[in-house]
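Take a look at the structure below.
No lab work stands behind these numbers, since they all come straight from the coordinates. These numbers were taken from a predicted model, which means no experiment stands behind them. Positions of Cβ are generated from backbone atoms using ideal geometry, with glycine treated the same way; all protein chains shown enter the neighbour counts.
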Amino acid sequence: MSDFNYWKPENLLDAVSLLANMEDQARPLAGGTDLLVKMKKGPINWKGIVNLKGLTELKGINYEGETITIGALTQISSLIENPLVSIHFPVLVDAARSLGTPQVRNLATIGGNLCNASPAADVALVLLMYEARLLIMGPSGSRKVPVQEFYVGPGQTVLQQGEILTTVEIDLPPLNSKGVFYKHGKRKSHEIALVNVAVLLTSQPETKQITRARIAVGSVASTQLRIKDAEDSLTDSLATLSAFEKAAKLAKEAVNPIDDVRSTASYRKQMVGILTRRALQEAWGGEL
Amino acid sequence: MKIPMSLQVNGEMYQVNVSIKKTLLDVLREDLALTGTKKGCDSGECGACTVLMDSKPVNSCLILAVDAVGKQISTIEGIGGIMELHPIQEALIAHGAIQCGYCTPGIVMTAKALLDSNPHPTETEVREGIAGNLCRCTGYVKVVEAIMDVSSR
Amino acid sequence: MSYTVVGQSVPRVDAREKVSGSALYTGDMILPHMLYGKVLRSPHAHAKIISIDTSKAWALPGVNAVLTYEDTPKILWNSAGFPPSPGAILVEDQYILTNKARYIGDGIAAVAAVDEDTATRALELIEVEYEVLPALMNIERAMAEGASLIHDAEKNTYGHTPVVIGDVETGFAEADYVFEDTYYVPKVNQVSLEPCGVSMAAPDKDGRVTIWTSTQMPHLVRRITAHALGLKIGRVRIIKPPVGGAFGSRLGVVNEPIAALLAMKVGRPVMLKYTREEAFLATESRHPITMTIKTGVKKDGTFTARQLTSYIDGGAYATHTPSFAGPVAGWFLAMYKSPNIKVDNYSVYTNATQCGAFRGYGNPQVVFAVESQMDDIAQKLGLDPLEFRLKNHPCAGEVWMWSGWVIESCGFEECIASGAKAIEWTEKRSNGGKGSNSQGSKKRGVGMGYMMHVSGARPMLHETSAAMIKINEDGTANLIYSNSDCGQGAGTSLSQIAAEELGIPFKDVLITKTADTDVAGFDIGSHASRQTYSGGNAVKNAATMVKKKLLEMAAEMLQTPVEELDVKEGKVWVSHDPSKTVSVAEVSHFAHFGSHGHQIIGAISEEPPGNPPVYAAQFVEVEVDTETGIVEILRVVAAHDVGTAINPAIVEGQIEGAIQQGIGYALTEEYRYDQESGRPLNPNLSDYKILTSVDMPQIETILVQAASDTGPFGAKSVGESGLVATAAAIANAVYDAVGIRFKELPMTPERVLAALQNKDQ
């Protein structure tokens, strides 16, 4: 590992100003499960690390009315263990449980995972489905960015030098919403998704009508995607198999994945179709 | 740059003076001569370096030693006594679940944390609990049997 | 037969030290003034080295040595751990550090420095000028007209192993049906948890060098290392501590010569420890092979001719490959009876990492191909697949063509019967997807594969083992053996054999846990599933020798003829008078300090008498998701004839672990290269996927104990068998589920889905 300068600030403003220093191009250290791997592999072009773990205010899960706020330094395992998250955002727990391994989940943080910006990230996909908002603190103050707008490309977010993701905000989904998350891979632990899919259906049970749909797919583009066409096709429509098949087809047509060491473009594209349809069926739950 | 740090490992305080970039795994093995924790990949993928940090299993190869300051670290050397073994260790022996032994310390640590927090897991929960510990010798069959045996008591 | 300790699942002799973390593996060790080594590796798959400038590396503070080809002895060697033997074809084409880069990872220079960090920085300061040549990443390119030569072999083909028995053309003419199919199996890596490649070399003032190394073959590594260094064999001492898994990756020299060269240059101990990435990049793994199998068969399922033509991708250096081609032929021709057989195996150089030994040694490759075709033949002929195997396998009393010797025992019929029952073969067969075991898009099926394997490598290779037993004054016994246990439990089984034969308690047998070439007699080591059979024979015979001396001494003490005496539970008993007894401790004390003044010692160095083959039938139930192509293994039933199971838990553990590797071979594991640049695409544990605990199916192991005549207490072997037939069983189960025949591994979801879609069209 190359040498680096090291700081462990005790408050957020100090952290911001350390990170804003363009000379060191310092990186923030949260759980270390991505950063340390990168630093060992090399080569790296940053010369400093700002350890955020002294910022205890960035940890914790709280509720304010209909909104949950999750501190960026909250460990993935804490998300899983939190009873309120399990009750109100069960799909987030499913995604968190699929991340890495138990040991990695005890170290990795939600903020670090989001900022690592892998198009295959599982937690980020579900946050996209839940339409979460990200609170960012930087040298020019704070701002809020919807997850939808946070990602620019693989490994790239809208964060500027000196900005830190501090909090994730998610509003409770509407009543009668059910979500499903699938992570498709070749083994069931320590896997990076070949394709992942998260859907959230809001419905009127009496009329079998879907009032709202959110469909997010990952690993098939340079960032995770919401498939608006597919979502719109289900808005105010009856829940039928053919409606779900149509939405799945739209999702499949909307993506242009690539070949890489993990899978092929053609396979990924097909899996978007199959998994979207299955996820919609499972989210609906009842008879079609 | 080297910095002095105090680490609490297996209930004892150690003073070390090591490079800031040294991982907890390397400090344990090289500076504290606690070689029971193994380096199988050095990138958080195999679990052979599993230690407990404040009772939770973690990959010590992904932790800067400086980040272990103020935490309670447990390694395999702290499990059992000089001649006595912990029930998990006894069960692994009795079930023939140890072959080359390289994954074993990591599995003991993970299994201990699992059973401490969930004393009677199902087989699925055991498998999920050790899913971050790769083994190439046993196919996990007797490892799972051993942990289930301890959990049934 | 009922024994005292043989057949018991006693705890392993090395379990306590491993479970407590106190076992010291090579990489845990430290010596005073020790330096750390690192190797500079070629970034090009094929390149001439024009110049190397090491001056800046030498100038870095903390660097004690920077070595290149210039500093290595100009002695070519071969890394494969074989004794000079009829079956060992050693093409010597390796230098300690190369003068031409032949794969990405080839060792160009080596550094010794005060710590790994300094050594790594020193590597970055070495300046190498390369002339890049075309990378020949597969056999077609390597053999093409005008392809660059990787060594000096024409068309990069350096071995042809032919076998001719009878005349296959006549046989094909006589057949009712002729089948011809081509199969391909990829490169897979052993992925032992202790990364392959760790040696600590320490020179002394007498011109010797001691090397602690994670190895399977201490005495053979001593030979090769000494040869590579230009030293007499006795000047090198190899010590093997506990090893974190091997599976063939350590079946010969790995990095001992580089460590020793560095150590001798600096006059200090040097630790050379490969990273996980280097273990992928620069150590030997399984041979990819393209196999064409042509089979002539009569309507009733009798073979008239069997032919194998194979192209073996051996990678950048010869190592095992020319010798390996022999077993490849042997597995093929010996597993089924046929009057006419022809084999042509070609060994080819490519610019991939050299291939060596991986559990099964060609058998998993061959059996995948043969057993896949067998099911196709059975289906075409309307034969029951199980009956078809039963009809054609060689049985006890018949000559096994692998060895030329008579088969001592065969439990295959019971393997088939018990395995088929356990998997519910009749109830669950779908017959190409026409069965009722389907739920919507998920189709189930069952399949099986058969295999035979060796107990040791006779007569192709020498099988020398040595054991020395000395009885201490207190009646305990030191068993000195070149213990090459890399996790498979040989140290324990051999202790059981010694205890059983000696008649003393198991806990009183103290086997050397390490192997030390200065101490233990010449032993081939751990390969070819040999330690229980060959090592066990030497141990048992040494014990017999010691027991005889014990009884002679006891006869004197008890004033009773030796024919009336026996040893049991640590005591010498008189057959007709239980009141007359003396303990082994008392006998030993008397030997030491009575009128005789000697210790009772027995030493044996010999080869075992034969090579009794083992058999297995593995049955697998799968569920294929026809929309995603994912193949899920629901159950594996592994019925193995192992001869007498010295320690059943150890035997089961070997099979269970091997099945994890076999499923990986079939479905998830493949080591891949960029075909243009030769860059390895997945030299890490994220993208090279071995199964985790949540990926494993239910496994049932059935031990069929068809005792051999010549094995210790009837033992045969199990070390490699567990994964030989697994991939074939899975491929056959997939065929049963969806009617598609896969002739290439792994059966990834992408390939399965594509095949399903092609079938529909």
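By how many degrees, between 0 and 90 and to the nearest 10, does the Cα long axis of helix B:104-117 differ from the longest principal axis of chain B?
Its long axis makes an angle of about 80 degrees.
To one decimal place, what orientation-averaged projected area in nm² is obtained for the convex hull of the Cα set of chain C?
One quarter of the hull surface, i.e. the mean projection, equals 34.8 nm².
Per 10 Å bin from zero, what fraction in whole % of the C-alpha pairs of the protein assembly as shown is there, up to the bin with the longest pair?
Values per bin, smallest distances first: 2, 9, 17, 22, 21, 15, 9, 3, 1, 0, 0.
Would you work out the charge dipole size for chain C about its Cα centre, treating the Cβ of every Lys and Arg as +1 and the Cβ of every Asp and Glu as -1, and quote it to the nearest 20 debye? Walk me through the numbers before you get to the answer.
Details: 66 positive and 88 negative charges, 127 e Å.
In debye, rounded to 20, chain C gives about 620.
Distance between Cα centroids, region C:108-159 to region A:62-131: provide it in whole Å.
45
Output the 0 to 90 degree angle, nearest 10, between the alpha-carbon long axis of helix A:241-254 and the longest principal axis computed from the alpha carbons of chain A.
Roughly 40 degrees, rounded to the nearest 10.
Ranked highest first by average number of other Cβ atoms within 10 Å, how do C:93-100, A:69-76, B:140-147, C:349-356 line up?
Highest mean packing first, the order is C:349-356, B:140-147, A:69-76, C:93-100.
Most mobile of A:VAL152, A:VAL272, A:VAL217 per a Gaussian network model of chain A (Cα springs, under 10 Å)?
Ranking A:VAL152, A:VAL272, A:VAL217 by mean-square fluctuation puts A:VAL152 first.
Name the residue farthest towards the positive end of the dipole of the protein assembly as shown from the options A:VAL147, C:TRP402, C:THR517, assuming +1 on Cβ of Lys and Arg, -1 on Cβ of Asp and Glu, about the Cα centre.
Going by the charge dipole, the pick is A:VAL147.
Along the charge dipole of chain C, Cβ charges K/R +1 and D/E -1, which of C:ASN478, C:GLN698, C:GLY326 sits furthest on the positive end?
Highest projection toward the positive end goes to C:ASN478.
Among A:GLU191, A:GLU206, A:GLU253, determine the one that fluctuates most according to a GNM of chain A built with springs between C-alpha atoms less than 10 Å apart.
Its mean-square fluctuation being the largest, the pick is A:GLU206.
Could the peptides C:288-297, C:499-508 be put in order, highest first, of the mean number of other beta-carbon atoms found within 10 Å of their residues? Write out the running numbers ahead of the final one.
On the way: C:288-297: 22.9, C:499-508: 21.3.
The most tightly packed comes first, giving C:288-297, C:499-508.
In peptide A:139-148, how many Cβ atoms from other protein chains are near each Cβ within 10 Å, on average?
Working: counts 0, 0, 0, 0, 0, 0, 0, 0, 0, 0.
Mean number of neighbouring Cβ atoms from other chains: 0.
Relative contact order for chain A: what is it in percent, counting Cα pairs under 8 Å that are at least 6 residues apart?
Reported relative contact order: 15 percent.
If you take each beta carbon of peptide B:31-38 and count the beta carbons of other chains within 10 angstrom, what is the mean? All intermediate terms of the calculation are to be shown ahead of the outcome.
Details: counts 0, 0, 2, 2, 9, 8, 2, 7.
Across B:31-38, the average partner-chain Cβ count within 10 Å equals 4.
Taking the simple approach of a point 7 Å from Cα along Cα-to-Cβ for both A:GLU287 and C:GLN675, what is their distance in nm?
Those two pseudo-labels are separated by 5.2 nm.
Relative contact order for chain B: what is it in percent, counting Cα pairs under 8 Å that are at least 6 residues apart?
Values: 267 pairs, mean separation 35.3, N = 153.
The normalised contact order for chain B reaches 23 percent.
Counting Lys and Arg as +1 and Asp and Glu as -1, each charge on the Cβ, what is the dipole of region C:380-475 about the Cα centre in debye, to the nearest 20? Present the calculation step by step, with values, prior to reporting the outcome.
Details: 12 positive and 11 negative charges, 190 e Å.
Computed charge dipole of region C:380-475: roughly 920 debye.
Would you mind computing, in nm to one decimal, how far apart the modelled labels at A:ARG187 and C:GLU140 are, each placed 7 Å from Cα along Cα→Cβ?
Going by the 7 Å Cα→Cβ label model, 3.0 nm.
Where both residues lie in the protein assembly as shown, what percent of DSSP beta bridges are antiparallel, nearest 5? Could the numbers behind the result be given before it?
Numbers: 164 of 200 bridges.
Restricted to the protein assembly as shown, the bridges split so that about 80 percent are antiparallel.
Which one of B:CYS103, B:ALA91, B:GLY129 is farthest out on the positive end of the charge dipole of region B:87-151, using unit charges on Cβ (Lys, Arg +1; Asp, Glu -1) and the Cα centre as origin?
B:CYS103
With +1 on each Lys and Arg Cβ and -1 on each Asp and Glu Cβ, and nothing else charged, work out how big the dipole of the protein assembly as shown is about its Cα centre, in Debye to the nearest 20. If you can, show how the numbers build up before the last one.
Working: 110 positive and 134 negative charges, 229 e Å.
It comes to approximately 1100 debye.
What spacing in nm lies between the two simple spin-label points modelled at A:GLN148 and C:SER55, each 7 Å away from Cα in the Cβ direction?
6.3
Using alpha-carbon pairs under 8 Å, 6+ residues apart, how would you state the relative contact order of chain C in percent?
Working: 1994 pairs, mean separation 123.0, N = 761.
Computed value for chain C: 16 percent relative contact order.
Connecting C-alpha atoms closer than 10 Å in a GNM of chain A, tell me which of A:ASP122, A:ASP229, A:ASP94 has the biggest fluctuation.
Greatest mean-square fluctuation among the candidates belongs to A:ASP229.
Averaged across the residues of A:179-187, what count of C-beta atoms belonging to other chains lies within 10 Å of each residue's C-beta?
Values: counts 0, 0, 0, 0, 0, 3, 4, 11, 10.
Per-residue shielding by partner chains comes out at 3.
Subtract the Cα-Cα distance of C:ASP115 and C:ASP518 from 0.36 nm times their separation in residues, and report this length gain in nm to one decimal.
This chain segment gains 142.1 nm when fully extended.
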